[in-house]
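Inspection log for the structure reproduced underneath, given as structure tokens.
The values are calculated or read from the model by the stated rules, or taken from the named source; none is laboratory data. Note that this is a predicted model, so its numbers are computed, not measured. Cβ placement follows ideal geometry from the backbone for every residue including glycine, while neighbour counts extend to all protein chains displayed. Just so you know, the surface numbers come from the protein's heavy atoms only, side chains and all, with ligands and any DNA or RNA stripped out. Shrake-Rupley method; radii C 1.70, N 1.55, O 1.52, S 1.80 Å.
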Amino acid sequence: MSQPGAPMLPGSDEPLRPSWVRWQIVALLVAYSFMTWFNRVSMSAAYDERIRQQTGISTEAMGHVYSAFFFAYLIFMTPGGWFIDRFGARASLIIMGFGSAFFCSLTGLAGIGPLVTGGLVWYALFAIRSLMGAFTAPIYPAAARMVSHWIPVSQRAWVNGLVQAAAAVGMACAFPVFGALIDVFNWQIAFVIAGIITALLALAWSVYATNLPDQHGRVNESERRFIEEQHLDQPVVPDSVSWRALLRNRSLLLLTLSYAAVGYFEYMFFFWMHYYFKEVRQLEESRIYAAILFLGLAVGMITGGWAADRMRRQYRGWLGRALVPMVGLFAGAVLLVLGILATETWATVALLAAAMAAVGATEAPTWTLAVELGGRHGGTSAAICNTGGNFGGWLAPILTPLVSAYAGWQWGISLGGLIGVAGAVLWCWIRPEEVESIDPQIPQIPQI
């Protein structure tokens, strides 16, 4: 029996089925997530394959180029969240897409003759990647905000996991696919090709996406009602909430610190694990092994989102939110150390892939809670949380080779496990109902 008031098919007693525009929006977000991370990690692939040999830039100096992207990404993250809440996630993702495409293409120009012969490649890469980081900053707060508008609560963590998993697939493809482009066209043209593809995706987003289902001409009445009904039990945060009020929310601050640990762990893999396989372990199939790690991360992100939705339905309050990220961070730390200590190649790759999967499981519940803690200002609160994640990501490319130079690569990489444990412990004091700390009149987040 159809629900009272449900739209009906013309000339029929059958209810009108919801259209699938929300999943098309998700598909575009997934594609965006894939390309932004493909473009980020392609810098590491280009360095390992050609730039290091052609320019002589040291690993320590290249670590600063990697971190330049994430430092700018970090600095512009919270202002990007304000922009999302002020002008909408759609506009933010249009600017992000075209800006990322432009500076990705410009990266290739850093390798032109005069800059190479003049020894200016490092300076050009540092400047270009910094600007690219600034334009890329809104991607995940905006994506999480779009998910909160278009996807029901019961599926939200899983969908956030899909978006995050696309990033991992982009990383997995970066070394083999971008490496193949380098083999055929050299690294300069490879960056231009990646930039053009990103620009085409940004064009598709600008033509098709809207901030809200009500604004989209292809959303039928049934889909609109379905989405609205699923959002009725969400907390309402007043428009007057300030950044200062969000920064006083203890749970948001602890979530931000915990996500910094996640960022450190993951970014250490993003930028140094291929180098570790190729140069430290002297493995011939380093591209493939690096891709396996990132595919493990993708599996963990999707599985973690699915598990987080189930835990939230099964357990009320703190336990339903915290169980997946706490277990994931603890397990990731243990598996990381075991993987580094393993002597057989297959064991090392398998254990490190499992470590990435475990930590990847924390992504979806973290992003879902970050948006909910901000209510109507979910873009800003998600940006604050992601600032922490990228602060950890900014430190990892620098600290990993520095610690490894003094104590060895086993210690340099194992440090990520210790930081992951600290991130897990912080969840003991995170309380999802602390949206109330912003305004005492706001109803508690319902336990679903």
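Only residues that are in a helix (DSSP H, G or I) and open to solvent by 60 Å² or more (accessible area, probe 1.4 Å): list them for the stretch 288-322, please.
Across the stretch 288-322, the qualifying residues are 288, 292, 295, 299, 302, 303, 306, 310, 313, 314, 318, 319.
Is there a residue being farther than 27 Å from residue 293 by Cα and within 15 Å of the chain's Cα centre (by Cα) anywhere in the stretch 142-162?
Yes, the stretch 142-162 contains a residue that is farther than 27 Å from residue 293 by Cα and within 15 Å of the chain's Cα centre (by Cα).
Conditions (1) open to solvent by 10 Å² or more (accessible area, probe 1.4 Å); (2) assigned to a helix (DSSP H, G or I); (3) under 19 Å from residue 336 (Cα atoms), marked per residue:
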position: 377; (1), (2), (3): yes, yes, no
position: 381; (1), (2), (3): no, yes, no
position: 387; (1), (2), (3): yes, yes, no
position: 390; (1), (2), (3): no, yes, no
position: 394; (1), (2), (3): yes, yes, no
position: 400; (1), (2), (3): no, yes, yes
position: 406; (1), (2), (3): yes, yes, no
position: 411; (1), (2), (3): yes, yes, yes
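With closer than 22 Å to residue 305 by Cβ and assigned to a helix (DSSP H, G or I) as the only criterion, which of 148, 206, 130 stands out?
148
Just to be sure before I move on: is residue 344 among the acidic types (Asp, Glu) and either in contact with a strand residue (DSSP E or B) (Cβ under 7 Å, 6 or more places away or on another chain) or under 16 Å from residue 166 (Cα atoms) (or both) in the structure I sent?
Here the answer is no, as residue 344 does not meet what is asked.
When both residues are 6+ apart or on different chains and their Cβ atoms are under 9 Å apart, which pairs have a first residue that lies in the stretch 260-287 and is closer than 14 Å to residue 355 by Cα, and a second that is basic (Lys, Arg)?
Qualifying pairs under 9 Å: 270/40.
Counting just the residues of the stretch 343-373 that are of a type in the set (Gly, Ala, Ser), farther than 19 Å from residue 309 by Cβ and touching a Leu at 6+ places or on another chain (Cβ under 6 Å), which one comes out surrounded by the most Cβ atoms within 10 Å (Cβ to Cβ)?
So, considering only residues that are of a type in the set (Gly, Ala, Ser), farther than 19 Å from residue 309 by Cβ and touching a Leu at 6+ places or on another chain (Cβ under 6 Å), the one surrounded by the most Cβ atoms within 10 Å (Cβ to Cβ) is 355.
Residues checked against (1) part of a loop (DSSP other than H, G, I, E, B); (2) modelled with pLDDT of 85 or more; (3) open to solvent by 20 Å² or more (accessible area, probe 1.4 Å):
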position: 163; (1), (2), (3): no, yes, no
position: 166; (1), (2), (3): no, yes, no
position: 175; (1), (2), (3): no, no, no
position: 185; (1), (2), (3): no, yes, yes
position: 194; (1), (2), (3): no, yes, no
position: 211; (1), (2), (3): yes, yes, yes
position: 237; (1), (2), (3): yes, no, no
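Sort out which residues of the stretch 92-134 are polar (S, T, N, Q) and either at pLDDT below 90 or open to solvent by 10 Å² or more (accessible area, probe 1.4 Å) (or both), and write them in order of number.
Matches in the stretch 92-134: 105, 117, 130.
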